[in-house]
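K.L.:
Got a structure here, written out as structure tokens. Questions coming.
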Amino acid sequence: MRIALIGFMGAGKTALGRKLAQKYGLDFIDTDAEIVRDTGRSLDELFKESEKKFREKELEKLAEVSRRDNAVLSTGGGTMQTDGSLKYLKDWTVVYLSLPIDTAYNRSVGVKTFMRQYDGFKELCEQRAPLFERICDFEIYTGDEEEDSFERLCRLTEIEIRKKRG
């Protein structure tokens, strides 16, 4: 089973993905965390140096981890905008974790310091939302309590498990 979580910063890709992986005995992979571990630098530092170089590292990491099985993958918010990224998720169930922009911003501010300005954040979300909607296999709303969002994600996972078993 391969489940890839996509969506805005603050959508719950890491928190929900980690819980989902634990519940079903799958590996959890967070591409942002992997890049930070590999480079020894924070996302803020990498972005300040060069967003282009960061996106290249992100694509390399996606190519590497996309070959894994039995995993839940949390992608960075901008990963899907990078040319060539979609081919690495063709064998994955792609789930778009959606939520209101204001909620995403409130969850992200202070965590991702390179995203401090609301107007820029909103514009980025508005650009990405149609792409997320177009490429996902499923969309799950995560703008409410984490437990409610997690239950919806588990129900979807149960359906996917049943389909895989035939």
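The values are calculated or read from the model by the stated rules, or taken from the named source; none is laboratory data. If you're wondering where the values come from, they're calculated on a predicted model, not measured in any experiment. When we count neighbours, we look across all protein chains shown, and the Cβ atoms used for this are built from the backbone with ideal geometry, even at glycine. Please note that ligands, DNA and RNA were not included when accessible areas were found on the heavy atoms of the full protein model with its side chains. Shrake-Rupley method; radii C 1.70, N 1.55, O 1.52, S 1.80 Å.
K.L.:
When you scan the range 67-83, how many residues do you find that are touching a helix residue (DSSP H, G or I) at 6+ places or on another chain (Cβ under 8 Å) and either surrounded by fewer than 21 Cβ atoms within 10 Å (Cβ to Cβ) or farther than 20 Å from THR157 by Cα (or both)? Steps first, answer last, please.
P.N.:
Going residue by residue through the range 67-83, those that are touching a helix residue (DSSP H, G or I) at 6+ places or on another chain (Cβ under 8 Å) are 71-82.
Among the residues that remain, those that are also either surrounded by fewer than 21 Cβ atoms within 10 Å (Cβ to Cβ) or farther than 20 Å from THR157 by Cα (or both) are: 71, 76-82.
The total comes to 8.
K.L.:
Right, here's the next one. Please determine, by comparing only the residues of the range 25-51 that are hydrophobic (A, V, I, L, M, F, W, C) and part of a strand (DSSP E or B), which one is surrounded by the most Cβ atoms within 10 Å (Cβ to Cβ). Outline the logic, then answer.
P.N.:
Applying the first criterion (hydrophobic (A, V, I, L, M, F, W, C)) to the range 25-51 yields 26, 28-29, 33, 35-36, 43, 46-47.
Narrowing the set further to residues that are part of a strand (DSSP E or B) leaves 28-29.
Numbers: PHE28: 16, ILE29: 21.
Among them, the one singled out is ILE29.
K.L.:
If you go through the range 118-166, how many residues are open to solvent by 60 Å² or more (accessible area, probe 1.4 Å), closer than 16 Å to ALA4 by Cα and under 16 Å from the mean Cα position of the chain (by Cα)?
P.N.:
6
K.L.:
Mind checking which pairs have a first residue in the range 65-88 that is in contact (Cβ under 8 Å) with a residue 24 or more places away in the chain and under 16 Å from GLU126 (Cα atoms) and a second that is hydroxyl-bearing (Ser, Thr, Tyr) and outside any helix (DSSP H, G or I), Cβ under 6 Å, 6 or more apart or different chains?
P.N.:
Filtered contacts from the range 65-88: THR79/SER85.
K.L.:
Please verify whether ARG134 is more than 21 Å from PHE47 (Cβ to Cβ) and in a loop (DSSP other than H, G, I, E, B), treating the condition exactly as stated. So that I can check it myself, show each step before the final result.
P.N.:
Numbers: more than 21 Å from PHE47 (Cβ to Cβ): yes; in a loop (DSSP other than H, G, I, E, B): no.
When the stated conditions are applied, ARG134 does not pass them.
K.L.:
Within the range 9-24, how many residues turn out to be touching a strand residue (DSSP E or B) at 6+ places or on another chain (Cβ under 7 Å) and part of a loop (DSSP other than H, G, I, E, B)?
P.N.:
Counting residues in the range 9-24 that are touching a strand residue (DSSP E or B) at 6+ places or on another chain (Cβ under 7 Å) and part of a loop (DSSP other than H, G, I, E, B) gives 2.
K.L.:
Please name all residue pairs, on different chains or six or more residues apart, with Cβ atoms under 6 Å, provided the first residue is in the range 33-51 and is over 21 Å from GLY17 (Cβ atoms) and touching a residue at least 12 places away in the same chain (Cβ under 8 Å) and the second residue is open to solvent by less than 50 Å² (accessible area, probe 1.4 Å) and in a loop (DSSP other than H, G, I, E, B).
P.N.:
Pairs that qualify, where the first residue is over 21 Å from GLY17 (Cβ atoms) and touching a residue at least 12 places away in the same chain (Cβ under 8 Å) and the partner is open to solvent by less than 50 Å² (accessible area, probe 1.4 Å) and in a loop (DSSP other than H, G, I, E, B), are ASP44/THR113.
K.L.:
Right, something else. Kindly establish whether LEU86 is surrounded by 19 or more Cβ atoms within 10 Å (Cβ to Cβ) and modelled with pLDDT of 90 or more.
P.N.:
Values: surrounded by 19 or more Cβ atoms within 10 Å (Cβ to Cβ): no; modelled with pLDDT of 90 or more: yes.
Taking the combined requirement at face value, the residue does not satisfy it.
K.L.:
Considering only residues of the range 137-166 that are in a helix (DSSP H, G or I) and of a type in the set (A, V, I, L, M, F, W, C), which is modelled with the lowest pLDDT? Reasoning before the result, please.
P.N.:
First pass over the range 137-166, keeping only residues in a helix (DSSP H, G or I): 146-165.
Filter once more, keeping what is of a type in the set (A, V, I, L, M, F, W, C): 150, 153-154, 156, 159, 161.
Working: PHE150: 95, LEU153: 94, CYS154: 93, LEU156: 89, ILE159: 85, ILE161: 79.
Going through the qualifying residues, I end up with ILE161.
K.L.:
What's the number of the only condition in (1) of a type outside the set (S, T, N, Q); (2) over 17 Å from the mean Cα position of the chain (by Cα); (3) not in a loop (DSSP other than H, G, I, E, B) that ILE6 fails to meet?
P.N.:
All conditions pass for ILE6, except number (2).
K.L.:
Please go through the range 4-24 and pick out each residue that is touching a residue at least 12 places away in the same chain (Cβ under 8 Å), surrounded by fewer than 19 Cβ atoms within 10 Å (Cβ to Cβ) and over 22 Å from TYR88 (Cα atoms).
P.N.:
Those that are touching a residue at least 12 places away in the same chain (Cβ under 8 Å), surrounded by fewer than 19 Cβ atoms within 10 Å (Cβ to Cβ) and over 22 Å from TYR88 (Cα atoms): ALA15, LYS23, TYR24.
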